[in-house]
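Undergrad: The structure follows.
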Ligand code: FAD
């Protein structure tokens, strides 16, 4: 079932969902299952699986560094299929512009269709570590909007280069990213919102937000989005703070603000165990307020660990 159908069927009730990261290659998938198992009692209608783009690794060969390119966390579509099968839950693979040609994206979407996966999250991805700016793969997309258009074309039965006459049209439900505190490269929040509107106009069915720690940012964002004609569901993304280092790391990586009360509470902690508890309590408060406001889904960034998400969900759902 599509994400948007789950939302309609819930009839105003807030749903629970979460995002997981594929294990590093070489690791057993059981670790992932061990973190999903405790969350299934909250009946997520869908689970997102991220995609990591390729990176350079340097191998020491008799004193000389040999540069190789590799994807450290492959297997997004395989994991989606495995989870769908094991837990009978819908899964949402994240599909990236970065590192993929249009042809590779088409093959990935064909795989999804055969596996019965009909939701995808269309994202640009970030620049590679050595790049200053994002660069498209050879023949790939530069912005998520172009990726949305490709998926939407497939939904009308149009494959790349018009090489086939399709008698089947895919029916992907397409999610895209939104940024309550603006995307870090955008010159202003209003410009970024216009870009978001372009993604929706190109065929996106719903939006999932970047993490935020002050609900007012989300409420203002939803209102501003409505004012420029974005009428699809906007799902809030919630991440519980887990370690003291997040106070610097999250603003640095995502260019988001943390509220003074939260900073103070984390600074007063004498161990990361205490920080984790502060993060859980903050996320419960945020979640309850968002739920009361009638958000369609509360979507949690699990970062591969489920104990704190379970503690939050137990209080909220
Ligand atoms: P876009 O919508 O393409 O926007 C990127 C920037 O370009 C924005 O600043 C926008 O304003 C600007 N822009 C858009 N169109 C134009 C235009 N025509 N001209 C000029 N500027 C333009 N990353 C991963 O690598 N893997 C994941 O699985 C993943 N999952 C994510 C899930 C969510 C919910 C979120 C919020 C983010 C996720 N990301 C993931 C991170 C994401 O890839 C980065 O934030 C990336 O930098 C931007 O992706 P986007 O899809 O928002 O890009």
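Just so it is clear, none of the values below were taken in a lab; they were calculated from the coordinates. Everything quoted here is computed from the prediction, not taken from an experiment. Backbone-built Cβ (ideal geometry, glycine too); neighbour counts: all protein chains shown.
Undergrad: From the Cα gyration tensor of the range 194-279, with a ≥ b ≥ c the square roots of its eigenvalues, which class applies: rounded if a/c is under 1.5, or else prolate if a/b is larger than b/c, or else oblate?
TA: Numbers: a/c = 3.03, a/b = 2.72, b/c = 1.11.
Prolate, because a/c is 1.5 or more and a/b exceeds b/c.
Undergrad: Two decimals is fine: what's Rg over Rh for the range 1-57, C-alpha atoms, Kirkwood radius as Rh?
TA: Values: Rg = 14.7 Å, Rh = 13.5 Å.
Ratio of gyration radius to Kirkwood radius for the range 1-57: 1.09.
Undergrad: While we're looking at this one, here's another question. Could you work out how far the C-alpha centroid of the range 200-229 sits from that of the range 158-177, in angstrom?
TA: Spelled out, the Cα-based centre of one part sits 26 Å from the other.
Undergrad: What is the list of residues in the range 40-63 whose amide nitrogen lies under 18 Å from a point 7 angstrom out from the Cα of residue 88, following Cα to Cβ?
TA: 40-47
Undergrad: Once you have a ≥ b ≥ c as the square roots of the Cα gyration tensor eigenvalues for the range 121-198, tell me rounded if a/c is under 1.5, and otherwise prolate or oblate according to whether a/b is larger than b/c.
TA: On the way: a/c = 3.06, a/b = 1.67, b/c = 1.83.
Taking the square roots of the gyration eigenvalues as a ≥ b ≥ c, the range 121-198 is oblate.
Undergrad: To continue, here is another question. Would you calculate, for the chain, the mean residue ellipticity at 222 nm contributed by helices, counting each DSSP H stretch of 4 or more residues as -39,500 (n - 2.57) and dividing by all residues, to the nearest 500?
TA: Details: 11 runs with 127 residues, N = 317.
Computed ellipticity for the chain at 222 nm equals -12500 deg cm²/dmol.
Undergrad: Follow-up question, since we're still on this one. What fraction, in whole percent, of alpha-carbon pairs in the range 1-102 exceed 18 Å separation? All intermediate terms of the calculation are to be shown ahead of the outcome.
TA: Values: 2909 of 5151 pairs.
Within the range 1-102, distances greater than 18 Å cover 56 percent of Cα pairs.
Undergrad: Okay, moving on. Go through 174-181, 129-136, 217-224 and give me the packing order, highest mean Cβ count within 10 Å leading.
TA: Working: 174-181: 24.9, 129-136: 10.1, 217-224: 18.1.
Highest to lowest by the protection proxy: 174-181, 217-224, 129-136.
Undergrad: Okay, next question. Using label points projected 7 Å from each Cα along Cα→Cβ, tell me how many nm separate residue 1 and residue 289, to one decimal.
TA: 3.1
Undergrad: Determine, from the Cβ-Cβ distance of residue 111 and residue 43 and an R0 of 25 Å, the FRET efficiency 1/(1 + (r/R0)^6), rounded to the nearest 0.05. The partial results should precede the final answer.
TA: Details: r = 27 Å, r/R0 = 1.08.
Given R0 = 25 Å and the Cβ-Cβ separation, E is 0.40.
Undergrad: List 193, 115 from most exposed to least, where exposure is judged by having the fewest other Cβ atoms within 10 Å. Could the numbers behind the result be given before it?
TA: Numbers: 193 20, 115 17.
Starting with the residue having the fewest Cβ neighbours, the order is 115, 193.
Undergrad: Could you tell me the relative contact order of the range 53-164? Use alpha-carbon pairs under 8 Å, at least six residues apart, and round to a whole percent.
TA: Details: 139 pairs, mean separation 27.1, N = 112.
Once divided by the residue count of the range 53-164, the mean separation gives 24 percent.
Undergrad: While we're here: For the chain, with a Gaussian network of springs between Cα atoms less than 10 Å apart, report the residue from 73, 27, 195 with the top mean-square fluctuation.
TA: Between 73, 27, 195, it is 27 that shows the largest mean-square fluctuation.
Undergrad: Cβ neighbours within 10 Å, averaged per peptide: list 185-192, 118-125, 107-114 in order, most packed at the top.
TA: Working: 185-192: 13.1, 118-125: 22.9, 107-114: 15.5.
Averaged packing, sorted descending, gives the order 118-125, 107-114, 185-192.
Undergrad: Here is a follow-up. Explain nothing, just the number: relative contact order of the chain, from Cα pairs under 8 Å at least 6 residues apart, as a whole percent.
TA: Numbers: 532 pairs, mean separation 60.7, N = 317.
Answer for the chain is 19 percent.
Undergrad: Okay, next question. So, R0 is 45 Å and r is the distance between the beta-carbons of residue 126 and residue 9; what FRET efficiency does that work out to, to 0.05? Numbers along the way, then the final one.
TA: Numbers: r = 34 Å, r/R0 = 0.76.
Here the calculated transfer efficiency is 0.85.
Undergrad: With a 10 Å radius around each residue's Cβ, average the other Cβ atoms per peptide and rank 290-302, 157-169, highest first.
TA: 290-302, 157-169
Undergrad: Follow-up. What shape does the range 57-199 have by the C-alpha gyration tensor, where a ≥ b ≥ c are the square roots of the eigenvalues, rounded means a/c under 1.5, and otherwise prolate means a/b greater than b/c and oblate the rest?
TA: In terms of gyration-tensor shape, oblate.
Undergrad: Describe numerically, in nm with one decimal, the distance between label points set 7 Å from Cα along Cα→Cβ at residue 201 and at residue 224.
TA: For the pair residue 201/residue 224, the computed spacing is 1.9 nm.
Undergrad: Quick check: residue separation of residue 58 and residue 314 times 0.36 nm, minus the Cα distance between them. What number comes out in nm? All intermediate terms of the calculation are to be shown ahead of the outcome.
TA: Values: separation 256, 0.36 × 256 = 92.16 nm, distance 4.39 nm.
Taking 0.36 nm per residue and subtracting the Cα distance, the gain is 87.8 nm.
Undergrad: Rg/Rh for the chain to two decimals, with Rh computed the Kirkwood way over all alpha-carbon pairs. Mind dumping the intermediate values first?
TA: Working: Rg = 19.7 Å, Rh = 20.6 Å.
Ratio of gyration radius to Kirkwood radius for the chain: 0.96.
Undergrad: Continuing with this model, one more query. Have a look at the DSSP beta bridges in the chain and tell me what percent are antiparallel, nearest 5. All intermediate terms of the calculation are to be shown ahead of the outcome.
TA: Details: 7 of 35 bridges.
Counting DSSP beta bridges with both partners in the chain, the antiparallel share is about 20 percent.
Undergrad: For an R0 of 35 angstrom, estimate the FRET efficiency from the Cβ-Cβ distance between residue 249 and residue 68 and round to the nearest 0.05.
TA: 0.80
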